[in-house]
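Input: a single structure, listed below in structure tokens.
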Amino acid sequence: MREVRGWAESFVALASATFSLWRRLGPRILPIFAVTLVAQRAFQLLSIWACTWVPVAEYDDQLNRTETNHWNQWVAVGLLALSFLALLLGLVVILRIIGAELDGQRAAPVGERASFSRTLSITLLSFLGIYSVFDYISDTTSALVLDSAVLTGDMSFDFNYAALSPEDWNETLTVIAIIVGAFILRRILDLIGRKLARGWLGVAATALEAFYLLVFFVAGYKVVNQIAIWIDQREGVYSFRRWFVEVTYPLRWFGLNLPEALQAAWDWFWETGWPIGVRSFLLPMLWFALASLVLGSAIRSFGEILEGGSRLTIASARRREALVQLQDAVFGDLDEKYLPAWQAIKLTWKAGAGMLGSLVISFNLIELGAEWLAYAVAWLIGPTTLEIMLLYSYISQFFIQLLEWPLMLCMMGACYALSFNGGHFAMRAPARAVAGP
């Protein structure tokens with residue numbers, strides 16, 4: 001009963017803090033997120049236009065279809081990446097507003113928070129990773145396929161991001177070359193921007209980064225699937241399966257068909273366990289980790305961790321400068337991308353079981369409420385044409401997201417404020433809340 005009472009008190013404290021933040025900051029963050037949604041949609045429409053500018057397939061007089069791969073496909077992918085970057089930019093702006101509000105309520109001094117450009121850079125990998133793993137990117141591209149069919153009147157559904165779907169090894173090598181080239185160009189722009197102190201170069205570098213990370217996550221996932229299919233079709237795999245069936249055959253005398261049991265467990269995990277169980281718990285935790293990257297401070301570099309909290313010190317100033325430059329060149333992306341995300345994930349576990357349980361429940365309740373609201377709007381509209389249905393869907397989704405996302409971000413900020421003190425590890429959970437291990 002003590003644990004249940006602690007979780008209940010944590011849930012009430014989180015709900016109260018969330019609505020308190022929402023009441024104070026709502027008039028400021030709602031217009032910002034409205035502009036964010038409009039900008040994201042504008043980039044999506046530009047992506048559709050770029051993708052359909054040159055058809056991805058050509059037909060002869062006998063209606064034989066020939067695939068084409070034009071440069072406009074890569075322009076469309078770049079504009080799609082900018083649509084995700086626009087959404088992330090709006091989320092970061094709102095989280096920084098929430099962070100400033102929370103900083104003003106703290107009596108203790110607050111550590112210096114990272115600059116806006118660095119915050120955007122360190123959250124980009126985590127943001128696109130979440131969108132890729134949980135199929136937000138594929139859902140977006142599928143919706144854009146339908147949008148293209150309605151806007152152009154072409155119901156052949158030839159519209160697609162062909163550049164993200166390499167069909168053979170030549171196309172795969174092209175994708176890899178583009179990713180590597182974009183990465184090198186981004187590093188060059190980043191270095192030049194730091195030396196010349198030109199903000200627009202940093203923005204260009206971040207846009208390039210969004211482009212190649214999107215290509216990496218989407219095309220890389222499909223390449224891995226192709227490799228898995230190729231391995232699955234090898235003769236050695238068939239031989240191993242036959243051998244495994246023969247070895248486990250005696251277990252059938254006891255009523256256990258081990259190959260079928262393993263296959264059923266695998267199917268259950270991907271059809272039920274992942275979308276319902278794992279996703280419901282993991283998704284809010286990852287969003288909280290991403291929010292912590294914006295709300296927190298004092299994220300150490302890889303070199304500082306190796307040296308016990310400080311940069312390498314050498315008697316010779318020239319050698320020290322050379323070593324720091326080498327360290328930044330070697331560990332630069334590690335410092336800016338992977339290490340902050342890893343530290344943020346570790347940080348979330350220190351919030352305590354009561355607060356994390358409340359976060360998971362609240363997150364899923366908000367998501368469920370948004371889905372029910374969307375279903376209610378669809379029910380009120382009733383049966384209609386595809387064009388009208390999509391129009392009402394866009395309008396309703398705009399207002400639903402305008403309520404859902406800012407409320408979710410206020411909840412993340414409230415959870416962070418209740419769990420930590422100034423981005424460090426001092427706990428400030430409500431009384432009787434169950435602390436984590």
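Between Ile227 and Val145, full extension at 0.36 nm per residue minus the direct alpha carbon distance yields a gain of 26.9 nm. Modelled spin labels at Ala177 and Asn364, positioned 7 Å past Cα toward Cβ, are 4.8 nm from each other. Placing R0 at 51 angstrom, the Cβ-Cβ distance between Val245 and Phe281 gives a FRET efficiency of 0.90 after rounding to 0.05. Based on the alpha-carbon gyration tensor of the range 215-258 and its eigenvalue square roots a ≥ b ≥ c, which shape applies: rounded if a/c is under 1.5, prolate if not and a/b is larger than b/c, or oblate? Verdict is oblate for the range 215-258. Here is the list for the range 183-222: trypsin sites (Lys or Arg not before Pro) lying in DSSP coil, each with at most 15 other C-beta atoms within 10 angstrom of its C-beta, are Arg198.
For the range 23-47, the residues whose backbone nitrogen is under 18 Å from a point 7 Å from the Cα of Val203, taken along Cα to Cβ, are 32-33, 35-44. Using only Cα coordinates, the Kirkwood hydrodynamic radius of the range 183-279 works out to 18.1 Å. The length gained on full extension between Asn257 and Tyr392, counted as 0.36 nm times the residue separation minus their Cα-Cα distance, comes to 43.5 nm. Here the residues Asp232, Asp190, ranked from fewest to most Cβ neighbours within 10 Å of their Cβ, fall in the order Asp232, Asp190. With a cut-off of 15 Å between beta carbons, the residues surrounding Gly26 carry a summed charge of +1, where Lys and Arg count +1 and Asp and Glu -1.
Each reported figure results from applying straightforward, stated rules to the coordinates on display, with no laboratory input. Predicted, not measured: the structure shown is a model, and the values here were computed from it. Glycine gets a Cβ as well: all are built from the backbone with ideal geometry, and neighbour counts include every protein chain shown.
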